[in-house]
Amino acid sequence: MSKKTLSCFFLALLMASFFGCQGGDQKIDEPNEETRMDWWRDARFGMFIHWGLYSIPAGEWKGTTNHAEWIRTTAEISLEEYDQFLDDFNPVEFDAEAWVKMAKDAGMKYITITSKHHDGFGLYDSKTSDFDVMATPFKRDILKELADACEKAGIKLCFYHSIMDWHHPDYLPRRGWEKNRSTEGAEFPRYVDYMKNQLKELLTNYGEIGVLWFDGEWEDTWTHEEGVELYDYIRSLQPNIIINNRVDKGRQGMQGLTAEGNFVGDFGTPEQEIPDTGLPGIDWESCMTMNDHWGYNKNDDNWKSSEELIQNLVDIASKGGNFLLNIGPKADGTFPQESIERLAAIGNWMNVNGASIYETQASPFEHLDWGRVTQKQINGGTRLYLHVFDWPENGELRLGGIRNEAIQASLLSAASTQLTIRRDEDALVIELPKISPNEIDEVIYLDIKGEPDMILAPMNADSISNH
Ligand code: FHN
């Protein structure tokens, strides 16, 4: 390769890393992308935290009970009235180390907390705003305490930050029902400067931040150009940071992936849903509530079971995605008991089966009716983690459509017991104990020679799903 082409090649690399990568969700073949995203891809599982002034009314307002982090708008509470919550925000039970420990014990590798949600309230000591935790009786920098606890526990701290702001006078538009809040003198560009100053504080005073998780980008005042500019600004403050696709305007509704086009953002953000199939080459993270609300709602007892949450984590990993599972803490600073119990149950499963989630890739199989598969390269071959949700009555686990030679198989929960494997035409069949040791998901690992060599079933409508 001539000296000239070599220098052009390095110039291109430099440009790509400096200006961030453009166009849809990131393609994995971006060299810079590789290294920067590695920890996040290996982590697979994080905690989302929605906490703020809205946790005080706990979803209730004048007899209506279906509110949460949107209560300022859904209950049409005036700015003045909502600001009174400042005087009531005093979460004396808040213990950053206890929160981080619950996340870590559940097997989560990162925490993404609302530094500022749509209501505009800052959960940290901001020098550019007086609508923050220092204006409350609590007067402790919550994000600072969390940053220290995360650092100590080896957990990555990440910040959610809302572009939409129902408090700042320069943010436009006003809420439709806010008839008495004039827009006279409001200048949206001044709001963008304010937001950047806050982001500079967040990316300067709290150590290395793993992910900037933007949200509230859907109003017309926020543009693609501003999204690109903000992406570059954030990367200039912390070059290794990962930024979700909601910094820009490419997100297609709740399925959360980025439309084709010149959009920035490092990963797609499906919300409350899991893609039907894997998305080869696309980084994505599915965020989900444990019940029906992100913020704490004391009347919401529609909790998902631990079984459903564990199987969602496995389903998402088997499709090559990350799972960001939400907690809505109470105003006193504690987690709802139901959340604590589910975190513990997930942690018990991850203590035994974490290897089948962390640092794995998506399943090579199109569809399996008994469960899901994740895979990991091991020396000279591949380890397939067979996640059995439905234990075969005949005690035989059939893995159809694979040519590879099997090396060995065992229960991940009892690795000393070798399981018998035999080939039956295009399938490997593993003889299992009669009863499943774990009805939620018992994991068998099967080592095969080489990379998966699949016999793809002839394409027809319902086979286009990747399980
Ligand atoms: O409006 C927000 C909502 O309050 C919550 O933060 C979710 C979490 O992903 N995002 C928005 C709705 O898409």
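The values are calculated or read from the model by the stated rules, or taken from the named source; none is laboratory data. The model shown is predicted, which means the values in this text are computed figures rather than measured ones. Cβ atoms come from the backbone with ideal geometry, glycine included; neighbour counts cover every protein chain shown. The accessibility values were calculated without ligands, DNA or RNA, using every heavy atom of the protein model including side chains. Shrake-Rupley method; radii C 1.70, N 1.55, O 1.52, S 1.80 Å.
Lys152 satisfies every condition listed in (1) in a helix (DSSP H, G or I); (2) free of Cβ contacts under 8 Å to residues at least 40 places away in the same chain; (3) charged (D, E, K, R) except (2). In the set Glu219, Glu229, only one residue is away from the ligand (no atom under 15 Å from the Cβ) and surrounded by fewer than 18 Cβ atoms within 10 Å (Cβ to Cβ); that residue is Glu229. Taking the listed residues His467, His387, the one that is buried (at least 19 other Cβ atoms within 10 Å of the Cβ) and at pLDDT below 95 is His467, with no other qualifying.
Of all residues in segment 281-333, exactly one satisfies the criterion of being hydroxyl-bearing (Ser, Thr, Tyr), in a loop (DSSP other than H, G, I, E, B), touching a helix residue (DSSP H, G or I) at 6+ places or on another chain (Cβ under 9 Å) and surrounded by 17 or more Cβ atoms within 10 Å (Cβ to Cβ), namely Tyr296.
From the list Glu439, Glu359, Glu366, Glu451, the one residue that fits, being modelled with pLDDT under 95 and either in a loop (DSSP other than H, G, I, E, B) or surrounded by fewer than 17 Cβ atoms within 10 Å (Cβ to Cβ) (or both), is Glu366. Filtered by the rule that a residue be exposed (fewer than 12 other Cβ atoms within 10 Å of the Cβ) and within 16 Å of the ligand (Cβ to nearest atom), segment 253-266 gives Gly253, Met254.
Taking the criterion of being more than 30 Å from Ser356 (Cα to Cα) and either in contact with a Pro (Cβ under 6 Å, 6 or more places away or on another chain) or open to solvent by 40 Å² or more (accessible area, probe 1.4 Å) (or both), would at least one residue in segment 144-153 satisfy it?
Yes: one or more hits.
Which members of segment 67-88 meet the condition of being assigned to a loop (DSSP other than H, G, I, E, B), crowded, with 20+ Cβ neighbours inside 10 Å and of a type in the set (A, V, I, L, M, F, W, C)? Across segment 67-88, the qualifying residues are Ala68, Ile77. With the structure loaded, tell me whether Glu308 is among the acidic types (Asp, Glu), modelled with pLDDT of 95 or more and away from the ligand (no atom under 16 Å from the Cβ) or whether it fails that test. Yes; evaluated as a whole, the condition is true for this residue.
Specify which of the listed residues (Arg246, Arg175) is of a type in the set (D, E, K, R) and in contact with a helix residue (DSSP H, G or I) (Cβ under 8 Å, 6 or more places away or on another chain). I'd like the intermediate steps shown before the answer.
Working: Arg246 fails: in contact with a helix residue (DSSP H, G or I) (Cβ under 8 Å, 6 or more places away or on another chain).
Every option except Arg175 fails the conditions.
Applying the condition of being surrounded by fewer than 22 Cβ atoms within 10 Å (Cβ to Cβ) and among the hydroxyl-bearing types (Ser, Thr, Tyr) to segment 33-66 and asking which residue is nearest to Ile241 (Cα to Cα) yields Thr35. Does segment 202-211 hold any residues that are more than 14 Å from the ligand (Cβ to nearest atom) and among the hydrophobic types (A, V, I, L, M, F, W, C), and which are they? Matches in segment 202-211: Leu202, Leu203, Ile209. Taking segment 267-305 as the range and being hydrophobic (A, V, I, L, M, F, W, C) and more than 16 Å from the ligand (Cβ to nearest atom) as the test, the residues that pass are Leu279, Ile282, Trp303. Among the residues of segment 232-252, those identified as away from the ligand (no atom under 16 Å from the Cβ), open to solvent by 20 Å² or more (accessible area, probe 1.4 Å) and closer than 20 Å to Met164 by Cα are Asp232, Tyr233. Taking Gln361, is it out of contact with any Phe, Trp or Tyr (no Cβ under 7 Å at 6 or more places or on another chain), in contact (Cβ under 8 Å) with a residue 40 or more places away in the chain and at negative phi? Here the answer is yes, as Gln361 does meet what is asked. Taking first residues from segment 45-66 that are farther than 15 Å from Ser115 by Cβ and assigned to a loop (DSSP other than H, G, I, E, B) and partners that are open to solvent by 50 Å² or more (accessible area, probe 1.4 Å) and within 13 Å of the ligand (Cβ to nearest atom), the Cβ contacts under 8 Å between residues at least 6 apart in sequence or on separate chains come to Asn66/Thr74.
Would you confirm, using the coordinates I've provided, whether Asp193 is open to solvent by 20 Å² or more (accessible area, probe 1.4 Å), acidic (Asp, Glu) and within 25 Å of Arg44 (Cα to Cα)? No, not satisfied.
When segment 100-118 is filtered for residues that are assigned to a helix (DSSP H, G or I) and under 28 Å from Lys196 (Cα atoms), only Val100 remains.
In this structure, does His161 turn out to be within 14 Å of Gly52 (Cα to Cα), in contact with an Asp or Glu (Cβ under 7 Å, 6 or more places away or on another chain) and either in a strand (DSSP E or B) or within 16 Å of the ligand (Cβ to nearest atom) (or both)?
Spelling it out, it is not the case that His161 is within 14 Å of Gly52 (Cα to Cα), in contact with an Asp or Glu (Cβ under 7 Å, 6 or more places away or on another chain) and either in a strand (DSSP E or B) or within 16 Å of the ligand (Cβ to nearest atom) (or both).
For the criterion of being more than 16 Å from the ligand (Cβ to nearest atom), of a type in the set (D, E, K, R), surrounded by 15 or more Cβ atoms within 10 Å (Cβ to Cβ) and over 20 Å from His117 (Cα atoms), Arg174 fails.
Taking the conditions (1) in contact with a helix residue (DSSP H, G or I) (Cβ under 7 Å, 6 or more places away or on another chain); (2) within 19 Å of Cys158 (Cβ to Cβ); (3) within 16 Å of the ligand (Cβ to nearest atom) in turn, Tyr124 satisfies each one other than (3).
The residues in segment 60-101 that are on the phi > 0 side of the Ramachandran plot and within 16 Å of the ligand (Cβ to nearest atom) can be counted, and the count is 0.
If you filter segment 96-154 down to residues that are among the aromatic types (Phe, Trp, Tyr) and out of contact with any Leu (no Cβ under 6 Å at 6 or more places or on another chain), you find that the one that is farthest from Met47 (Cα to Cα) is Phe131.
Scanning segment 361-372 turns up at least one residue that is under 24 Å from Pro452 (Cα atoms), of a type in the set (S, T, N, Q) and within 25 Å of the chain's Cα centre (by Cα).
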